[in-house]
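The values are calculated or read from the model by the stated rules, or taken from the named source; none is laboratory data. Note that the coordinates shown come from a computational prediction; the quantities given were computed from them, not determined experimentally. For neighbour counting, all protein chains shown are included, and Cβ atoms are generated from backbone atoms with ideal geometry for every residue, glycine included.
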Amino acid sequence: MEQTSLFEVVMSLYRQRKLPELKTILSQLNPADIANIIENAEGRDAIALFRLLPKELATEAFAYIDSEQQEQLILAFTDRELREVIDELFLDDTVDLIEEMPANIVNRILKNTDPKTRAQINELLAYPDDSAGSLMTPEYVYLKPDMTVEESFAKIRAVGVVKETIYTCYVTEERKLVGVVSLLDLLTASYETVIGDIMDTNVISVNTKDDKEVVATTLAKYDLLAIPVVDGENRMVGIVTVDDAIDVLQDENTEDIEKMAAIVPTDKPYFKTGIFETFLKRIPWLLLLMVSATFTGMIITGFESKLAASVVLTAFIPMLMDTGGNAGGQASVTIIRGLSLGDIEKRDVLRVIWKEIRVAVICGATLAVVNFGKMMLIDKLLLGNSAITVTVAAVVCLTMVVAVFIAKIIGCSLPILAKAIGFDPAVMASPFITTIVDAVTLLAYFMIAQALLHI
């Protein structure tokens, strides 16, 4: 059933007060779909729909609801309802919730948690926001090396229902991580087998201080469902699951796209962001780029007398600037994506530049040849523009080669330089690079014209 029609069916049943039928439909839906329905419902309707859900399903759906709607639900909850939701949430989801809520909501949440859970929450909140520690959950299954498979199954049955995942179990000795064992390993081994004999000691793990993006890319690289998090002494403190890693990658990709489009990043959906807030996110870069574009105006003004001597050159300025900007944008986006995926490292800067030089030569030469033919055949012969001579065409085409060459070098090197000095490479994306390339292209254009046309 399409999401739109599903929402309409649910709301139709709700308005007709066909609650038994509505409960049946809701109980069969995926929690993510229920969250979508509640997000699209009006305030009181959303709260009423949530209260129709079975307890366990309500908690699962609550974790998928956006933070603004979660806040409205919490404000409507009684203390008993809030405790029921918090008690059923996984600890990392509770921490995520607290980080998104205003102080009064946070105080109410903490007030309705037991002392042990509150201590765990405070411990996770103490980690930096962008670290693995803030992303992890301490709710995992750990086993001992001397346990048998039968004893391991007994433990999983006893504690597994409140753990984030049971598909991978972690083997610890005096809290130190010594191995991992999968549920498949346990199922295919005899009951008498000792865990130490079947565990994998080649464990991929991350540190609590590692960046969240590093954790997410590590999970993706090794195709893991969860990755253990250890402290400086290799003591296991939690795990990060693949669902949280996907959220991190999605957020990072969105942030990079926004920066590459010269927008201050925001964590709100498009329709949840007000007009004035959207304006504030976009205007800083627009102002900066507008001011920086003053340099191109100064260059044109400085060569105004040269342009007056050969007015035909003016017609090709937009094409040259656009070509240079596009060439630089291609290089920068490719390099930024490579840096993000780990395909390109800072030490690869010379290899990257050498490759882009060769690409630039081929691209520039191809564009120049095609443009020379276009200027001589179309502009001069078909359109009858007598001001276009072979020398003028040579100036334009030679500038195009230089513009593409310079643009590719700037486009590939600036993101790596930004990474090396600790800035986000996405900041050095198309708008910023285009402004630099425009100024350099104009300088090259006028200097070549001055040399060849003697103006």
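Before moving on, here are some points about what is shown:
- The residue list ILE86, ILE65, ILE34 contains one member that is surrounded by 16 or more Cβ atoms within 10 Å (Cβ to Cβ), in contact (Cβ under 8 Å) with a residue 12 or more places away in the chain, of a type in the set (Val, Ile, Thr) and over 25 Å from GLN120 (Cα atoms), which is ILE34.
- Given (1) out of contact with any helix residue (DSSP H, G or I) (no Cβ under 8 Å at 6 or more places or on another chain); (2) within 25 Å of GLN450 (Cα to Cα); (3) at pLDDT below 85; (4) part of a helix (DSSP H, G or I), number of the condition MET290 does not satisfy: (2)
- Scan of region 58-72 for residues that are under 28 Å from the mean Cα position of the chain (by Cα) and outside any loop (DSSP other than H, G, I, E, B), ordered by number: THR59, GLU60, ALA61, PHE62, SER67, GLU68, GLN69, GLN70, GLU71, GLN72
- For region 186-206, filtered to residues that are in a loop (DSSP other than H, G, I, E, B) and small (Gly, Ala, Ser), the residue that is surrounded by the fewest Cβ atoms within 10 Å (Cβ to Cβ) is SER190.
- Region 312-338: number of residues that are surrounded by fewer than 21 Cβ atoms within 10 Å (Cβ to Cβ) and over 20 Å from ALA394 (Cα atoms): 7
- Residue within region 203-215 that is out of contact with any Leu (no Cβ under 7 Å at 6 or more places or on another chain), closer than 18 Å to LEU91 by Cα and not assigned by TED's automatic domain parsing to the domain that holds GLU60 present: yes
- Taking first residues from region 429-455 that are at pLDDT below 85 and partners that are of a type outside the set (Ser, Thr, Tyr) and not in a helix (DSSP H, G or I), the Cβ contacts under 7 Å between residues at least 6 apart in sequence or on separate chains come to PRO431/ALA262; THR435/ALA293.
- Search result, residues across region 338-354 that are free of Cβ contacts under 8 Å to residues at least 24 places away in the same chain and assigned to a helix (DSSP H, G or I): GLY338, ARG347, LEU350, ARG351, TRP354
- Test: LEU219 is at pLDDT 85 or above, surrounded by fewer than 15 Cβ atoms within 10 Å (Cβ to Cβ), over 13 Å from the mean Cα position of the chain (by Cα) and of a type in the set (A, V, I, L, M): no
- LEU443 part of a helix (DSSP H, G or I) and within 17 Å of LYS346 (Cα to Cα): no
- Residues of region 127-180 that are buried (at least 18 other Cβ atoms within 10 Å of the Cβ) and assigned to a helix (DSSP H, G or I): ALA132, GLY133, SER134, LEU135, VAL149, SER152.
Condition check ((1) surrounded by fewer than 20 Cβ atoms within 10 Å (Cβ to Cβ); (2) in a helix (DSSP H, G or I)) across all residues:
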position: VAL361; (1), (2): yes, yes
position: MET375; (1), (2): no, yes
position: LEU381; (1), (2): yes, yes
position: VAL402; (1), (2): no, yes
position: PHE423; (1), (2): yes, no
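- Of all the numbered requirements in (1) farther than 24 Å from GLY238 by Cα; (2) in contact with a Pro (Cβ under 9 Å, 6 or more places away or on another chain); (3) aliphatic (A, V, I, L, M), ALA63 misses one, and that requirement is (1).
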